[in-house]
Amino acid sequence: MERLAMAESEILLSVKDLHAHYGESHVLHGMSFDVPKGEVVTLLGRNGVGKTTTMRCIMGIAGKRTGSVKYSGTETIHLSSNRIARLGLAYCPEERGIFSSLSVKENMVLPPVIKPGGLSLDEVYELFPRLLERGSSQGTKLSGGEQQMLAIARILRTGADMLLLDEPTEGLAPVIVSHIGDIIRTLREKGFTILLVEQNFHFAATVADRHYVVEHGQVIDMIPNESLAANMDKLKSYLGV
Amino acid sequence: QYSDGKVKIGVLTDLSGTYSDLAGKGTIVAAQMAIDDFGGKLNGQTIELISADHQNKADIASGIARKWYDTEQVDVIAELVTTAAAIAVREVSKEKGKVDLVSGAASTPLTNDKCSATGFHWTYDTYAMAVGTGDAVVKSGGKTWFFLTADYAFGHNLQAQTERVVKANGGTVKGAVKHPFPNSDFSSFLLQAQASGAQIIGLANAGADTINAIKQAKEFGITQAGQSLAGLLVFITDVHSLGLENAQGMMLTTGFYWDMDDQTRAWSKRWSEKMGGGKMPSMVHAGTYSQVLHYLKSTAAAKTDEGIKVADEMRKLPIADFFAKNGKIRADGRMVHDMYLAQVKKPSESKGPWDYYKIVRTIPGDEAYQPLAESTCPLVKK
Amino acid sequence: MTLSPSVPSRQKPFILALIGLGLVLPFAVYPVFLMKGLCFGLFAAAFNLLLGYVGLLSFGHAMFFGWSAYLTAYAAKEWGLTPEIAILLGVALATVLGAVVGWLAIRRQGIYFAMITLALAQLGFFVAVQAPMTHGEDGIQGVPRGHLFGLFDLSDTMTMYYFVLAVFVASLLFLHRVVNSPFGQVLKAIRDNEPRAVSLGYEVGRYKLIAFVLSSAFAGLAGSLKSLVFQLASLADVSWHMSGEVVLMTLLGGVGTVLGPMVGAFLVVAIQDFFAGIGSWVIIIQGVIFVVCVLLFRSGMIGVLAPWLKRRGITG
Amino acid sequence: MTILGIPTQALFGQLLLGLINGAFYAMLSLGLALIFGLLNIINFSHGALYMMGAFVAWLALNFLGLGYWPALIVAPLVVALVGIIIERTMLCRLYKLDHLYGLLLTFGLALIIEGLFREGYGVSGQPYSVPKELAGGWNLGFMFLPIYRGWVVVASLVLCLGTWYAIEKTKLGAYLRAGTENPTLVQAFGINVPLMITLTYGFGVALAAIAGVLAAPIYQVSPKMGSDLIIVVFAVVVIGGMGSILGSIVTGYMLGLVEGLTKVFYPEAASTVIFMVMVVVLLIKPAGLFGKGA
Amino acid sequence: MGDEFIVETRSLTKEFKGFVAVSDVNLRVRRHTIHALIGPNGAGKTTCFNLVTKFLTPTKGQILFNGTDITHTQPAAIARHGMVRSFQISAVFGHLTVLENVRVALQRKQGKSFQFWRSGECLNELNTRAEELIEAVGVAEYRDTPAGELSYGRKRALEIATTLALDPEMLLLDEPMAGMGAEDVRRTADLIRRVSANRTILMVEHNLSVVADLSDTITVLKLGRVLAEGSYAEISDNPEVVEAYMGSGHGAAGHG
Ligand SMILES: Nc1ncnc2c1ncn2[C@@H]1O[C@H](COP(=O)(O)OP(=O)(O)OP(=O)(O)O)[C@@H](O)[C@H]1O
Ligand SMILES: Nc1ncnc2c1ncn2[C@@H]1O[C@H](COP(=O)(O)OP(=O)(O)OP(=O)(O)O)[C@@H](O)[C@H]1O
Ligand SMILES: [Mg+2]
Ligand SMILES: [Mg+2]
């Protein structure tokens, strides 16, 4: 509790009344939530409620967006995505976004280092040894899970303080999932702030500090991880489990 | 009897393509000058002029001709650079019984198997080119020939005509190479010509192709090494863009040169002014003037705009204007007039802009053009 | 290749009104111009079958158009065949060429498909330049229109017009049918996601080939008609400019729409017709129109008009 | 000595000439491949911009008195500027769409540019003379090689290899390639993709402009010089493998040679042989000689 | 092998430029069972799938389906023989509506697909069946939405409906649950169980609770080779499997 109180004074990312459209369809209806510095925060919700869209809005790559997204005090809603990234955000997309014209190694070193403080290449390979073995292979020739690893691995080098991970455990073997859990915890120790979208709330529970529940493009509830057990029934009904 | 009470002349030419300098807008201006000089009116009605761009394509030419005859009450179509377009229009004109006047196109089929009772070929043709340039070159010692030929009907036709003249004069043809049309790089073909060892490299092409071939021959030291080039169809506009430096000494045949006498100079000056200055007319421009004027005179004389009657009248009337001093039209539609063999001046000889030619010889019309007896035109009674 | 979505228009009264218009129009507008529009409209519609519904951009359709035109012209002029037989011969040639080119090209996609078709069409062009039968630059001129079925004198412009209109309407209805048939549905699926279609058990290649052959046959039909209307078959019909023109017509009108290609064709023909007299400007104006269309009216004329038509309840 | 009835001397000559043509193909297809690679746009106006390069040189000479060497700098800059304006005002609206729209737009632009130059300067071509320093020629024994043509080959080789090195061997190249596939994501990594795209386009057309200046003394400076070439250059890019930098360079030179040989044995087919090669290559190697994947 | 096994591979091997992705795999899938293929990432599961459905050509080895050798059969033909697959990365027809997506699959059996002269109306007779299918996977409310606009999870559901529409004898599902919410996972699992009657299913899935729940037999691949095979209980007792795949803590990080 004490930590939470302290965190409130240090909000790293603050989303207020965010709206987004894809063409005619209105997808986010006034999304608002805060991510305190140094925390791991998840967005939970059923399929299609707008979790991915929220992440894309934060990164400035969703079509039409209005409202406010502040990152460490800077309003980003009108910035282009490269400027946003340079503020210290890094994004691991749901569809992975591995480049087929680049080798695994090239994919790995592609995102430019934005600030010091990221992991070194050796550290990254230590976390994902499989990627070293397949280094010269064409990016998209990797298996689904390997691509997922690569997508996470490559943003760890950039030195971004805040990581946006969209379903990072999808398609990964259970060993690797728990491995990723370890990594997220390690990153949190190192002071990274992480916004996580997850379907698997059992997993989310092992890494997160708090959970926002999303429905119809809005945040409808916030559950601190400590009180997750107490709120399990409520959560299950939100997620339709 | 004027069918619709007015006379309307269509100038169909290349306004945007390769031949738009040697023909193009200048022919419209020339036709308008002919109308003005005629008095601008016929039978109390203003003579109308319309023009269009056939882009050197047979299909466009034929489409426009058809539309003009069907919907625009056009009585005659003039100029028609490029054989393919000229033939296309000839077919339509024949079908509709209208007169067509060819100035820019070169090939001899227009007065042979493609001839018609209402079709005329005015300014020059490949036969005349061969007689002029081919003959002169052989006689001045160029006995062995190699041809660079544009690979389409016109190029083949020009090569064939020239070969005939060369052989008739005791020359020999060592070979020929067909180059794509259009073509910008002649180095390879020139090298083949060089390897043949022929004294003369005959350029059976036109416009930009000829220009490029000449420039590149110089670049590759072919002329310096003793072979000569013969441009078999060269217009003054080509000489202009080659520059005298590159073109000097070349023999060429033309139906008209602006600086021949007072009449030609006067007309050319007028034309040049109307064109905005800085240019002199090619034979195609002058020919267009001449043919339109003759058409108008004949229509007035025939007192009708019915194609076949006007055509008959045209054959009867002699042609005497600054372009053709003693022209006459034959049964096959050929307008026979004197041609000129010219040599391009050296830069030092040139006194000013467009002072390009020395006229070497006048070729009498009957010698310049294919004898009627050889024509394959069905209209020629034998 | 994903292009603007299709705008179905299946309202019968609207179509009937258009046909009615087609019947009376030649009394107001120069019929040869209308015939040209119809021929190119048919050509564009055939092309659209491939681009709009299979997502294949052929850059060599002039080959079918042009060679069919040549054979029809040759058959009518040199062999003196009646127009319907000459047309059938032309279409048969286009179909065979379509089968060969299609067989070679459909294994590739996207830009490679476009380039293979272009390359093969260039070979076709080369043959046309070299073969004596085509008369090179001059083309086959003065083609007799002859008597349809030995009965109707096509040299009469109006008779010719109604013949062309009939063929056009029948062809367009047929193509419309193809697009909305079970076969057409599979084509759309293939366009969207080819491996998935394979996994559902469709021999993707065969569907594409059939579509290609149909498209080339109709392109051939358009070429044959054109050669009779203008009594001329020329190199322009087989050149890559013609292939490019049909792409432009289709895009201007609206890809994947039934009426779009026709509208585009009339538009292009009208532009060429209207600006024919003014030299280089015709090129510049065409260029400006393409640029404007691509930047502002991307879904083509029909795509832009569709919402408007819909509001008025004209199209479905 | 003869090979297939052609004296070896002549054969060498033809091969050398082929190489010179190849130098132009390589420079043009390189720019085209670069633009296709990053913008996914088939730049139909490439030929027109090449022509513009030559015209800028000609205009600079006739109106500003700037000679060949300054033109070699000025023309690419001017054309790159035009390219950048085109990219910023028009092409940038098309990236999310099918290639086809880019093709159409640039096709339209090509018509406009070419039309304007035709309107202004006619079509018969303007002369542009070889710079004094490069006049004359070497007698190689088997042929007379104009020094200027030798210079063209050297200049083109240096340019092509330099570009290739910058793109394949540096980080910049990786950005370019990744930007082709998923520009949104690359930008979300903090790279200014729009700027990169604009500069690439500018560079690509500047290459075309340099080729144009190099061509001016050899051919006429004519509004048509680009449209004659563009289809062939497309073929070169496709044979090399769309978007492959090395592919377009090597194929450019190679096809120049093939074309040169065809001119000896069957000149009528010289303008078609490239398409024959293209059919064969694409049937055997669907992605082109140097292309990856299909 | 008679009737017992519907699919059998013999020494199946696939190399990519010197890298062996699948090595000497002998897989036997018993008729009318649900057979799961699991293994660490990059073990070669998808590659195995691609080999069996002929989207890849094996370097070595043989594949039998219903006793016939299909090693050299075309992929589309395999689908017509009754073996249909889904894809790991979702695959729908983006411009077709949800209903049309399913109908495209139903249409194949109808046998009218080459009939380009027939009106599309004749496809409406398939609507009832198609609606049942989209209802079953829970996307019925999007019946007329273009599939491209669905969220990821719903695309997956639609893909399963499309696959089922072919009523295949043998179904290959590559990670059918990936990206699905817990709710959908449960519904899809039910669906798979329901459709498994009279069918054989081979599936790749990382969601262990689903695997445990559904599968009769499990084959574990590792580095392209078969590591173990058996029921869930047998597999989860195998220390090698636990180490290579499940991870010691898999209970804690377990799937919903
Ligand atoms: N490109 C698009 N065009 C139109 N609608 C879209 C598009 N992408 C997403 N949508 C719609 O936006 C809504 C939110 O999608 P989003 O991808 O953000 O959901 P999500 O919460 O991430 O779901 P999932 O868990 O399935 O990934 C969905 O209803 C979806 O159908
Ligand atoms: N076309 C290819 N070229 C080269 N290597 C490949 C190719 N396809 C797959 N591989 C390699 O083969 C191995 C097995 O890949 P596969 O996709 O079968 O794994 P998987 O078991 O399905 O893994 P996941 O659970 O992550 O999806 C991987 O290491 C991958 O990099
Ligand atoms: Mg999502
Ligand atoms: Mg896999």
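Here are the numbers:
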{"quantity": "Residue match in segment D:79-93 (condition: at the interface with another protein chain (Cβ under 8 Å from one of its Cβ atoms) and surrounded by fewer than 24 Cβ atoms within 10 Å (Cβ to Cβ))", "calculated": "yes"}
{"quantity": "Residue that is surrounded by the fewest Cβ atoms within 10 Å (Cβ to Cβ), among those in segment B:146-179 that are assigned to a loop (DSSP other than H, G, I, E, B) and touching a helix residue (DSSP H, G or I) at 6+ places or on another chain (Cβ under 7 Å)", "calculated": "B:Asn169"}
{"quantity": "Checking D:Gly115 against (1) buried (at least 24 other Cβ atoms within 10 Å of the Cβ); (2) over 30 Å from D:Leu134 (Cβ atoms); (3) not hydrophobic (A, V, I, L, M, F, W, C), the condition it does not meet", "calculated": "(1)"}
{"quantity": "One residue from D:Leu159, D:Leu104, D:Leu145, D:Leu109 being at the interface with another protein chain (Cβ under 7 Å from one of its Cβ atoms), in contact with a Leu (Cβ under 8 Å, 6 or more places away or on another chain) and not in a loop (DSSP other than H, G, I, E, B)", "calculated": "D:Leu104"}
{"quantity": "Out of B:Ile87, B:Ile77, sole residue that is closer than 30 Å to D:Leu111 by Cα, in contact with an Asp or Glu (Cβ under 9 Å, 6 or more places away or on another chain) and at the interface with another protein chain (Cβ under 9 Å from one of its Cβ atoms)", "calculated": "B:Ile87"}
{"quantity": "Qualifying residues in segment B:191-206 (those that are of a type in the set (Gly, Ala, Ser) and surrounded by fewer than 24 Cβ atoms within 10 Å (Cβ to Cβ)) - the one nearest to the chain's Cα centre (by Cα)", "calculated": "B:Ala198"}
{"quantity": "E:Glu141 farther than 21 Å from A:Glu167 by Cα, outside the structural domain of E:Phe5 (by TED's automatic domain parsing) and either assigned to a loop (DSSP other than H, G, I, E, B) or within 16 Å of ligand 1 (Cβ to nearest atom) (or both)", "calculated": "yes"}
{"quantity": "Residue tally, condition modelled with pLDDT of 90 or more, away from chain D (no Cβ under 12 Å) and over 15 Å from the mean Cα position of the chain (by Cα), over segment B:230-249", "calculated": "1"}
{"quantity": "Qualifying residue in segment E:79-97 (condition: more than 16 Å from ligand 1 (Cβ to nearest atom), surrounded by 21 or more Cβ atoms within 10 Å (Cβ to Cβ) and part of a helix (DSSP H, G or I))", "calculated": "yes"}
{"quantity": "Qualifying positions in segment E:47-61 - more than 17 Å from E:Met170 (Cβ to Cβ) and more than 11 Å from chain A (Cβ to nearest Cβ)", "calculated": "E:Leu56, E:Thr57, E:Pro58, E:Thr59, E:Lys60, E:Gly61"}
{"quantity": "Subset of segment E:34-46 [modelled with pLDDT under 90 and either touching a Gly at 6+ places or on another chain (Cβ under 8 Å) or more than 14 Å from chain A (Cβ to nearest Cβ) (or both)]", "calculated": "E:Pro40, E:Asn41, E:Gly42, E:Ala43, E:Gly44, E:Lys45, E:Thr46"}
{"quantity": "Which listed residue is out of contact with any Pro (no Cβ under 6 Å at 6 or more places or on another chain) and at positive phi, from A:Arg96, A:Arg185", "calculated": "A:Arg96"}
{"quantity": "Selected residue (criterion: nearest to the other protein chains (Cβ to nearest Cβ)) from residues of segment C:158-184 that are surrounded by fewer than 22 Cβ atoms within 10 Å (Cβ to Cβ) and among the polar types (S, T, N, Q)", "calculated": "C:Asn180"}
{"quantity": "E:Pro146 being away from ligand 3 (no atom under 16 Å from the Cβ) and touching a His at 6+ places or on another chain (Cβ under 8 Å)", "calculated": "yes"}
{"quantity": "Some residue of segment A:177-185 being crowded, with 23+ Cβ neighbours inside 10 Å and within 12 Å of ligand 2 (Cβ to nearest atom)", "calculated": "yes"}
{"quantity": "Extreme residue, nearest to ligand 4 (Cβ to nearest atom), among residues of segment E:62-104 that are charged (D, E, K, R) and either within 14 Å of chain C (Cβ to nearest Cβ) or in contact with a His (Cβ under 8 Å, 6 or more places away or on another chain) (or both)", "calculated": "E:Arg85"}
{"quantity": "Of all residues making up segment A:59-70, the number that are within 13 Å of chain D (Cβ to nearest Cβ) and not in a loop (DSSP other than H, G, I, E, B)", "calculated": "1"}
{"quantity": "Within segment A:75-106, tally of residues that are more than 9 Å from chain D (Cβ to nearest Cβ), surrounded by fewer than 20 Cβ atoms within 10 Å (Cβ to Cβ) and polar (S, T, N, Q)", "calculated": "1"}
{"quantity": "Counted residues, segment A:136-179 - those being hydrophobic (A, V, I, L, M, F, W, C) and within 9 Å of chain E (Cβ to nearest Cβ)", "calculated": "7"}
{"quantity": "Whichever residue in segment A:156-166 is touching a Pro at 6+ places or on another chain (Cβ under 9 Å) and at pLDDT below 90 and, among such residues, is nearest to ligand 3 (Cβ to nearest atom)", "calculated": "A:Ala160"}
{"quantity": "Test: residue in segment E:153-173 that is within 16 Å of ligand 2 (Cβ to nearest atom), in the same structural domain as E:His32 (by TED's automatic domain parsing), touching a residue at least 60 places away in the same chain (Cβ under 8 Å) and out of contact with any Lys or Arg (no Cβ under 7 Å at 6 or more places or on another chain)", "calculated": "yes"}
{"quantity": "Any hit, segment E:40-50, residues being more than 16 Å from ligand 1 (Cβ to nearest atom) and part of a strand (DSSP E or B)", "calculated": "no"}
{"quantity": "Residues (outside any strand (DSSP E or B) and within 16 Å of D:Gln220 (Cβ to Cβ)) located in segment B:221-243", "calculated": "B:Val234, B:Phe235, B:Thr237, B:Asp238, B:Val239, B:His240, B:Ser241, B:Leu242, B:Gly243"}
{"quantity": "Breaking point among (1) within 12 Å of another protein chain (Cβ to nearest Cβ); (2) in a helix (DSSP H, G or I); (3) away from ligand 3 (no atom under 16 Å from the Cβ), for E:Val185", "calculated": "(3)"}
{"quantity": "Whichever residue in segment A:38-56 is within 17 Å of A:Ile84 (Cβ to Cβ) and either in contact (Cβ under 8 Å) with a residue 60 or more places away in the chain or more than 14 Å from every other protein chain (Cβ to nearest Cβ) (or both) and, among such residues, is surrounded by the fewest Cβ atoms within 10 Å (Cβ to Cβ)", "calculated": "A:Thr52"}
{"quantity": "Options B:Lys143, B:Lys96, B:Lys114, B:Lys139; residue that is out of contact with any Phe, Trp or Tyr (no Cβ under 9 Å at 6 or more places or on another chain) and either crowded, with 24+ Cβ neighbours inside 10 Å or within 25 Å of C:Ser234 (Cβ to Cβ) (or both)", "calculated": "B:Lys114"}
{"quantity": "Qualifying residue in segment A:8-23 (condition: surrounded by 17 or more Cβ atoms within 10 Å (Cβ to Cβ), under 17 Å from the mean Cα position of the chain (by Cα) and within 14 Å of chain E (Cβ to nearest Cβ))", "calculated": "no"}
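The values are calculated or read from the model by the stated rules, or taken from the named source; none is laboratory data. Please read all numbers here as calculations on a predicted model, not as lab measurements. Cβ atoms come from the backbone with ideal geometry, glycine included; neighbour counts cover every protein chain shown.
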